[in-house]
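Asker: One structure, as structure tokens, below. Some questions next.
The values are calculated or read from the model by the stated rules, or taken from the named source; none is laboratory data. Just so it is clear, the structure is predicted and the values come from calculations on it, not from any experiment. Glycine also receives a Cβ, built like all others from the backbone with ideal geometry; neighbour counts cover every protein chain displayed. Surface accessibility is based on the protein's heavy atoms, side chains included, excluding ligands, DNA and RNA. Shrake-Rupley method; radii C 1.70, N 1.55, O 1.52, S 1.80 Å.
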Amino acid sequence: MTDENRIDVAAVLAELTLDEKAALLDGSDFWHTQGVERLGVPAIMMTDGPHGLRKQANEADHLGLNNSVPATCFPPAAGVASSWDPALMARIGAALGDECRASDVAVLLGPGVNMKRSPLCGRNFEYFSEDPLLAGVLASSLVSGIQSRGVGTSLKHFAANNQETDRMTVSAEVDERTLREIYLPAFERVVTEAQPWTVMCSYNRINGVYASENSWLLTDVLRRGWGYTGLVVSDWGAVNERDRGVAAGLDLEMPSSGGLGTHRVLGAVAAGELPEDAVDTAARNVLNLVAKAQGRTPLEAFDVDAHHALAHQAALESAVLLKNEGGLLPLAPAGGPIAVIGEFARTPRYQGAGSSQVNPTRVDAALDALEAGLIGRREVVFAPGFTIESEDAEPALVAEAVAAASAADVVVVFLGLPPSYESEGYDREHMELPAQQVELLRQVAAANPNVVVVLSNGSAVTVSDWEAAAPAILEGWLLGQAGGAATADLLLGAASPSGKLAETIPVRFEDNPAVGNFPGEHGVVRYGEGLLIGYRWYDAHALPVSYPFGHGLSYTSFAYSDLAVRVVEDGASPRVAVSLTVTNTGAAAGAEVVQVYVTDAAASVYRPEQELRGFARVELEPGASERVEVELGARAFAFWSTAAHGWVVEGGAFGIRVGASSRDIRLSADIELAGDGALAPLTVDSTAAEFLAHPRGGDWLRGVLEGNPMGAMLFDEQHGRMMQAIPLVRLARFPGSPISEQQLAEAAAQLSAVSA
Ligand code: BGC
């Protein structure tokens, strides 16, 4: 459609009555906005997402209960996050955009960039990572890819929606710095880099206030802070008080409230409680969205085969080879029989349940692909071993599996979580595989030690109890509709695994950071671990983990060399160029994800031991080398200052660590940055030590105390430290103090006003 065919937003807005504007702020049904026929404003469709299109043909619901049109089921975020491949995300995005165009969908409801705070969150399969940088970079590319096709996205669930228990009411109690450094940056990156057409506010409350009526979140942070100009839509049913929502910056309520919301908004305007301006602003945002959607060119049909091939490529990049003792993998193309055990080989688990559940165009099973790949060369014997949703061991199935294992050269055991273990709407009860699957593994391994385990799970499972029985483990997460064939390719060495963990696999559930603070009680969940999510926690507590964040093996090996770290720009907005050479030192082609972590050992605030600040994925033929470059910007070094309510780049020494995982650091270097020179403001409550540390505060204090007995005590070698810990206002009140409270207040104000 050309620009002339789009609605003229300003003209339409000028023509609308207040009632019509208020009506625009409510959906017309489950999936559509309202149209205004007399002014040629069409209703547009938005629907789930995120890893495939879920457009319901008939009965509508937002829980994934009713059927939807066939669409490509790409690997959900939990899988594809392990690719660490923004270029792949952009390609998937473009394909998703085309599927939307072919189905007349204007906005795809995703991606979700909430952090994986607890491994028990029922919806972790829809989220990318425990690290905000990784989640933000991948989601940003996905959004750009989808929107490059003239189709909108909905960045969700904004914000601090990190559990399913009481998701519609729970208050996430999160301190300011933790919000800014952990729970908001992925949203911020996508908003500022990719401008998603819509942002979906979450169901929950944040520090007591519903996201749907949180003006700090929706207006101060999102619009004023990050410059967002798109539309804010409610999660389906997230509205609490509609008029308060409009005032706070929630433009559109979905699904339709059947006019209740409109009534409420009009009532509030009439009562003088809601300015008409706020209704105009929200209506303008809805109309702008409609105008954007009118730019979409329809597509007759999408290329089902090409999209399946892309889903296959995505699955190849997403699986993570956790271990491979004795080079058990890849499986040799010829030789004795292979026992394939586990129902998941025949009945793949490739996506999670709930609103994101896609009706796939086809589904590849690993068993079929292994049989096809080995036909005429190796015999494949299959035994299901267990029934997926059964909790009890089935002796006949176990006996059949053990017999198959005994007669085989090598055994591939497909284990995983039954669909009922993880879903939108509720959290998991534990982190383990079903007990009967573990028992099956033990019995099979006793019959034949050459065991490869392939896992299918949307959230992390512990492996420490049973991994001794499996010399090789391929963690598949959920790999989408082509995952079965991709798994066979990886097992047979047609491609080398290249996925890296986007979340830590702890040794024990009890080690995880949210224990004791998840899922909260009486409607409140306290984020007591603060900044220490994921690897930040395991590092801070020097805890051993089964597999660290960023880990993933390959069929080849990589050497890291010649690290060069250059400060390109210093000062308030530093830029640091990190480069190194990566060489494929093995015999197979493969891809490596180089990770750059920053450390800040000497800071005036607590800082996590190391934080991921950049990464690059590089594909290399055997023997080939490539120079890899990663640029770090100001945010890589900054912390959120709760004193200044802003980002601060504190000058001093920083460490740059380059590794193949968070616990496999290969190269490191130190740099010195000048920083932004910002100083924590001095107040009357600042301690003498804080005055002394201030570039001019020290001179001032020494000056006023000179020759005074209090000064002698303050600088006394033995007692000085104790005195220096006292807020100056208290010292000022001590008998014989040469400083008055007023003098102190004036000095603090003056010293804080002038920059360093
Ligand atoms: C989910 C959203 C989804 C919406 C529409 C809600 O229950 O939280 O992620 O987009 O339903 O189906």
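Asker: Which of the numbered conditions does GLU631 fail, given that it passes all the others? Conditions: (1) closer than 22 Å to SER661 by Cβ; (2) open to solvent by 40 Å² or more (accessible area, probe 1.4 Å); (3) over 22 Å from the mean Cα position of the chain (by Cα).
Answerer: Single failed check for GLU631: (3).
Asker: Another question, then. Any idea which residue in region 733-747 is farthest from the chain's Cα centre (by Cα), counting only those that are closer than 17 Å to ASP699 by Cα and open to solvent by less than 40 Å² (accessible area, probe 1.4 Å)?
Answerer: Per the criteria, the residue is ILE739.
Asker: When the residues of region 422-443 are filtered to those that are of a type in the set (Gly, Ala, Ser) and touching a residue at least 60 places away in the same chain (Cβ under 8 Å), which remaining residue is nearest to GLY458 (Cα to Cα)? First the steps, then the outcome.
Answerer: Here is the first cut: in region 422-443, the residues of a type in the set (Gly, Ala, Ser) are 423, 425, 435.
Now narrow it down to the ones that are touching a residue at least 60 places away in the same chain (Cβ under 8 Å): 423, 425.
Details: SER423: 9, GLY425: 15 Å.
Selected residue: SER423.
Asker: In the list ALA577, ALA542, ALA587, ALA591, which residue meets the criterion of being without any contact (Cβ under 8 Å) to a residue 40 or more places away in the chain and within 26 Å of the chain's Cα centre (by Cα)?
Answerer: Numbers: ALA577 fails: without any contact (Cβ under 8 Å) to a residue 40 or more places away in the chain; ALA587 fails: within 26 Å of the chain's Cα centre (by Cα); ALA591 fails: without any contact (Cβ under 8 Å) to a residue 40 or more places away in the chain.
None of the other options fit; the residue is ALA542.
Asker: So, in region 169-183, of the ones that are over 17 Å from the mean Cα position of the chain (by Cα), acidic (Asp, Glu) and not in a loop (DSSP other than H, G, I, E, B), which residue ends up farthest from the ligand (Cβ to nearest atom)?
Answerer: GLU176
Asker: Moving on to the next point. For region 85-142, name all the residues that are out of contact with any Ser or Thr (no Cβ under 7 Å at 6 or more places or on another chain), β-branched (Val, Ile, Thr) and in a loop (DSSP other than H, G, I, E, B).
Answerer: Within region 85-142, just VAL113 meets the criteria.
Asker: Something else now. Exactly one of (1) farther than 21 Å from VAL461 by Cα; (2) away from the ligand (no atom under 16 Å from the Cβ); (3) open to solvent by less than 10 Å² (accessible area, probe 1.4 Å) is unmet by ASP98. Its number?
Answerer: It is condition (3) that ASP98 fails.
Asker: Something else: Would you tally the residues in region 447-470 being in contact (Cβ under 8 Å) with a residue 40 or more places away in the chain and either part of a strand (DSSP E or B) or open to solvent by 30 Å² or more (accessible area, probe 1.4 Å) (or both)?
Answerer: 10
Asker: To continue, here is another question. Six or more apart or on different chains, Cβ under 9 Å: which pairs go from a residue in region 636-659 that's assigned to a helix (DSSP H, G or I) to one that's open to solvent by less than 50 Å² (accessible area, probe 1.4 Å) and not basic (Lys, Arg)? Could you list them?
Answerer: These pairs meet every condition: ALA636/LEU133; ALA636/PRO574; ALA636/VAL576; ALA636/VAL596; ALA636/VAL598; ALA636/GLU611; ALA636/GLY614; ALA636/PHE654.
Asker: Next up: Filter region 418-432 for residues that are part of a loop (DSSP other than H, G, I, E, B), within 16 Å of the ligand (Cβ to nearest atom) and open to solvent by 10 Å² or more (accessible area, probe 1.4 Å) and give the result.
Answerer: If the condition is that a residue be part of a loop (DSSP other than H, G, I, E, B), within 16 Å of the ligand (Cβ to nearest atom) and open to solvent by 10 Å² or more (accessible area, probe 1.4 Å), then GLU424, GLY425, ASP427 are the ones that fit.
Asker: Do we have any residue at all in region 138-146 that's under 30 Å from HIS522 (Cβ atoms) and either touching a residue at least 24 places away in the same chain (Cβ under 8 Å) or crowded, with 24+ Cβ neighbours inside 10 Å (or both)?
Answerer: Scanning region 138-146 turns up no residue that is under 30 Å from HIS522 (Cβ atoms) and either touching a residue at least 24 places away in the same chain (Cβ under 8 Å) or crowded, with 24+ Cβ neighbours inside 10 Å (or both).
Asker: Please find, within region 1-43, the residue that is farthest from ALA268 (Cα to Cα) out of those that are basic (Lys, Arg) and assigned to a helix (DSSP H, G or I).
Answerer: ARG38
Asker: Taking GLU400, is it touching a strand residue (DSSP E or B) at 6+ places or on another chain (Cβ under 8 Å) and either open to solvent by 10 Å² or more (accessible area, probe 1.4 Å) or more than 29 Å from ASP305 (Cβ to Cβ) (or both)?
Answerer: Details: touching a strand residue (DSSP E or B) at 6+ places or on another chain (Cβ under 8 Å): yes; either open to solvent by 10 Å² or more (accessible area, probe 1.4 Å) or more than 29 Å from ASP305 (Cβ to Cβ) (or both): yes.
Yes.
Asker: I'd like to check something: does region 267-277 contain any residue that is open to solvent by 10 Å² or more (accessible area, probe 1.4 Å) and within 15 Å of the ligand (Cβ to nearest atom)?
Answerer: no
Asker: May I ask you to list the residues in region 536-584 that are out of contact with any helix residue (DSSP H, G or I) (no Cβ under 8 Å at 6 or more places or on another chain) and in a helix (DSSP H, G or I)?
Answerer: Within region 536-584, ARG536, TRP537, ASP539, ALA540 meet the criteria.
Asker: Continuing with the same structure: Going by the structure shown, is GLY208 at pLDDT 95 or above, open to solvent by less than 20 Å² (accessible area, probe 1.4 Å) and more than 13 Å from the ligand (Cβ to nearest atom)?
Answerer: no
Asker: Please state which one of SER662, SER625, SER668 is open to solvent by less than 50 Å² (accessible area, probe 1.4 Å), at pLDDT 95 or above and small (Gly, Ala, Ser).
Answerer: Answer to the selection: SER662.
Asker: Could you tell me how many of the residues in region 155-188 are in contact with a Pro (Cβ under 9 Å, 6 or more places away or on another chain) and among the acidic types (Asp, Glu)?
Answerer: Adding up the residues that qualify gives 4.
Asker: Can you tell which of GLU371, GLU391, GLU429 is at pLDDT below 95 and within 37 Å of the chain's Cα centre (by Cα)? Even if it seems obvious, please write down each step before you answer.
Answerer: Details: GLU371 fails: at pLDDT below 95; GLU429 fails: at pLDDT below 95.
Only one candidate qualifies: GLU391.
Asker: Right, next: Residues in region 335-370 that are more than 11 Å from GLY484 (Cβ to Cβ), surrounded by fewer than 23 Cβ atoms within 10 Å (Cβ to Cβ) and acidic (Asp, Glu): how many?
Answerer: Total satisfying the criteria: 0.
Asker: With the requirement that a residue be more than 24 Å from the chain's Cα centre (by Cα) and on the phi > 0 side of the Ramachandran plot, what does region 342-361 give you?
Answerer: Across region 342-361, the qualifying residue is only GLY342.
Asker: Check whether at least one residue in region 36-46 is open to solvent by 50 Å² or more (accessible area, probe 1.4 Å) and in contact (Cβ under 8 Å) with a residue 40 or more places away in the chain, and report yes or no.
Answerer: no
Asker: Residue by residue through region 241-257, note down the ones that are among the acidic types (Asp, Glu) and in a strand (DSSP E or B).
Answerer: Across region 241-257, the qualifying residue is only GLU253.
Asker: Can I ask one more? Within region 516-525, can you find the residues that are surrounded by 17 or more Cβ atoms within 10 Å (Cβ to Cβ) and among the β-branched types (Val, Ile, Thr)?
Answerer: VAL525
Asker: Of the residues that sit in region 149-168 and are in contact with a helix residue (DSSP H, G or I) (Cβ under 8 Å, 6 or more places away or on another chain), farther than 15 Å from ALA211 by Cα and in a loop (DSSP other than H, G, I, E, B), which one is least open to solvent (accessible area, probe 1.4 Å)?
Answerer: VAL151
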